[in-house]
Amino acid sequence: MSGTTARKLTTIFYADAVGFGRQMADDEDATFSRLQHYRELMQAQFTRYNGRVVNTWGDAVIAEFQSVVEAVRCAVDIQAAINSDNAKYKDDVDLAFRIGINLGDVMVDGDNLYGDGVNMAARLESLAAPGGISVSRSVYEFAHKQISIDFEYAGQKAGKAGESEMDVFSVRIGQENPRPKVTTSSQTQIQTHKDASEKGLTPLNWLQNQPKVTQGAVWVILSTFVVNLMTTGLSPPWFIYPTLAMVPLIVLTRTKRQS
């Protein structure tokens with residue numbers, strides 16, 4: 001690239017097929033034909049929503065959109081069409097795609113895009129469910145006010161070991177989108193906890209979804225309680241004192257996260 005590289009803020013769409021290598025090993029011709037078919041389907045939707053293909057690497061497709069809202073709408077329509085087409089096949093021959101969408105700053109070199117904005121879209125794709133869509137907080141903040149699609153907060157996640165965590169939101173598609181859309185960060189947290197309780201969330205699962213500071217504080221409280229119980233039998237209950245020191249930390253961390 002040249003010494004002075006242009007940069008811009010744009011919306012990156014990253015799609016990748018699930019189990020493509022395994023299916024190619026089973027039936028190369030049929031799998032490649034379906035990949036080509038789905039790429040043509042994607043291209044039709046990119047044209048409809050003013051997106052452009054940046055690159056195709058193997059079974060991956062990277063596209064760019066000027067509009068965050070159009071990118072999300074395009075992704076929903078693509079997944080709905082692919083999922084509908086997959087319904088014609090057996091589960092073991094489904095060619096599903098994961099999609100990640102990020103709004104970020106990128107480097108421009110001709111028609112190609114590089115940088116952390118693209119990398120984050122790839123990380124989001126890896127965190128999506130097969131046939132699903134994951135978006136960054138920057139995409140959620142723009143899109144949830146403009147389109148009647150339900151976004152579910154999936155928590156702070158890292159794509160790979162050693163990567164920094166980021167807020168991830170999942171998009172509900174088709175029959176998975178029965179509830180009204182989320183409109184604020186606090187409502188996102190409330191809906192997430194409601195969904196989790198409906199699924200029988202355990203205290204351990206709840207703890208795993210909390211920030212590391214909160215996890216540490218909770219383990220300190222539990223540890224001192226156990227030591228207190230084993231040494232003095234809660235008479236006196238001295239574990240209360242370190243607990244009182246941890247509670248403000250948990251409250252402040254939760255407040256900061258919801259703000």
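Brief remarks on what is shown
For (1) within 17 Å of Leu41 (Cβ to Cβ); (2) in contact with a Lys or Arg (Cβ under 9 Å, 6 or more places away or on another chain), each residue gets a yes or a no:
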position	(1), (2)
Ala63	yes, yes
Ile78	yes, no
Asn102	no, yes
Asp109	no, no
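- For Lys181: the one exception among (1) surrounded by fewer than 16 Cβ atoms within 10 Å (Cβ to Cβ); (2) closer than 18 Å to Ala75 by Cβ; (3) at pLDDT below 60: (1)
- Hits in the range 7-62 (condition: acidic (Asp, Glu) and in a strand (DSSP E or B)): Asp16
Yes/no matrix, rows are residues, columns are (1) in contact with a strand residue (DSSP E or B) (Cβ under 6 Å, 6 or more places away or on another chain); (2) surrounded by 16 or more Cβ atoms within 10 Å (Cβ to Cβ); (3) within 25 Å of Val106 (Cβ to Cβ):
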position: Thr5; (1), (2), (3): yes, no, yes
position: Thr11; (1), (2), (3): yes, yes, yes
position: Asp16; (1), (2), (3): yes, yes, yes
position: Gly19; (1), (2), (3): no, yes, no
position: Ala25; (1), (2), (3): no, no, no
position: Phe32; (1), (2), (3): no, no, no
position: Glu40; (1), (2), (3): no, no, no
position: Thr47; (1), (2), (3): no, no, yes
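- Qualifying residue in the range 168-178 (condition: surrounded by 13 or more Cβ atoms within 10 Å (Cβ to Cβ), modelled with pLDDT under 50, among the acidic types (Asp, Glu) and assigned by TED's automatic domain parsing to the domain that holds Phe97): yes
- Of all the listed residues (Gly104, Gly100), the sole one being assigned by TED's automatic domain parsing to the domain that holds Gly58 and at pLDDT 95 or above is Gly100.
- Within the range 1-56, tally of residues that are touching an Asp or Glu at 6+ places or on another chain (Cβ under 9 Å), at pLDDT below 90, among the small types (Gly, Ala, Ser) and over 19 Å from Lys88 (Cβ atoms): 3
- In this entry, Ser84 passes the filter for residues that are part of a helix (DSSP H, G or I), free of Cβ contacts under 8 Å to residues at least 60 places away in the same chain and loosely packed, with under 14 Cβ neighbours inside 10 Å.
- Taken as a whole, the condition of being in a helix (DSSP H, G or I), acidic (Asp, Glu), assigned by TED's automatic domain parsing to the domain that holds Lys145 and modelled with pLDDT under 90 does not apply to Asp77.
The values are calculated or read from the model by the stated rules, or taken from the named source; none is laboratory data. In this text, all values refer to a predicted model and were calculated from it rather than measured experimentally. Here the Cβ is made from the backbone with ideal geometry for all residues, glycine too, and neighbour counts use every protein chain on show.
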